[in-house]
Amino acid sequence: MKSILLAGVAAIAIVAAPLANAQTVGVGVGPVGAGIDFSPEQRTIVREYVKRERPVTFREQVTVGTTLPEDVEIRSAPADWGPSASKYRYVYSGDRVYFVEPDSRRVVHILD
């Protein structure tokens, strides 16, 4: 009985390990999303920068994975936002900054 229990625990560990690792890879909201990581100081810089702009209003709810329509203007992220963010474009709307892949126009990270 003990060996069956140990075999079961081992099987679960083998199956769960790749799944646990997969949670940190890919696209998500927050610091993990698209590999974009902001220090508190960088968050302040981004917020102060975008507040000088006129926010965009979306017709629908926008989440990570949403593809933005062609009529939504996406802007280049300044270099001082850091290398992880500057390769993306962004849209400012409703006190949130949406980071967008330039080619696909897909939202990959939301800074709120």
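The values are calculated or read from the model by the stated rules, or taken from the named source; none is laboratory data. Computed from a predicted model, the values in this text were never measured in an experiment. Note that we place each Cβ from the backbone using ideal geometry, even for glycine, and neighbour counts take in every protein chain shown.
Mind checking whether some residue in the range 19-26 is surrounded by fewer than 11 Cβ atoms within 10 Å (Cβ to Cβ) and at pLDDT 50 or above? Break it down into steps so the answer makes sense when it comes.
First pass over the range 19-26, keeping only residues surrounded by fewer than 11 Cβ atoms within 10 Å (Cβ to Cβ): 19-25.
Checking the rest, the ones that are also at pLDDT 50 or above come to none.
Taking every residue of the range 19-26 in turn, none turns out to be surrounded by fewer than 11 Cβ atoms within 10 Å (Cβ to Cβ) and at pLDDT 50 or above.
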Review point. Do we have Gly8 as surrounded by 10 or more Cβ atoms within 10 Å (Cβ to Cβ), more than 16 Å from Gly94 (Cα to Cα), at pLDDT 50 or above and not charged (D, E, K, R) here?
Key: no
Practice item. Identify the residue in the range 30-46 that is over 15 Å from Val108 (Cα atoms) and without any contact (Cβ under 8 Å) to a residue 40 or more places away in the chain and, among all such residues, is surrounded by the most Cβ atoms within 10 Å (Cβ to Cβ). Key: Ile45
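For the range 54-103, which residues satisfy the criterion of being of a type in the set (S, T, N, Q) and in contact with a helix residue (DSSP H, G or I) (Cβ under 7 Å, 6 or more places away or on another chain)?
If we filter the range 54-103 for residues that are of a type in the set (S, T, N, Q), which is where we start, we get 57, 61, 63, 66-67, 76, 84, 86, 93.
The answer is Ser84, Ser86.
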Study note, to complete from the structure: Restricting attention to the range 72-98, the residues that are under 14 Å from the mean Cα position of the chain (by Cα), farther than 17 Å from Glu60 by Cβ and among the aromatic types (Phe, Trp, Tyr) number exactly 2
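Here's the yes/no breakdown for (1) under 13 Å from Gln42 (Cα atoms); (2) buried (at least 19 other Cβ atoms within 10 Å of the Cβ):
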{"position": "Leu68", "(1), (2)": "no, yes"}
{"position": "Val72", "(1), (2)": "no, no"}
{"position": "Gly82", "(1), (2)": "yes, no"}
{"position": "Ser86", "(1), (2)": "yes, no"}
{"position": "Phe99", "(1), (2)": "no, yes"}
{"position": "Ser104", "(1), (2)": "no, no"}
{"position": "Leu111", "(1), (2)": "yes, yes"}
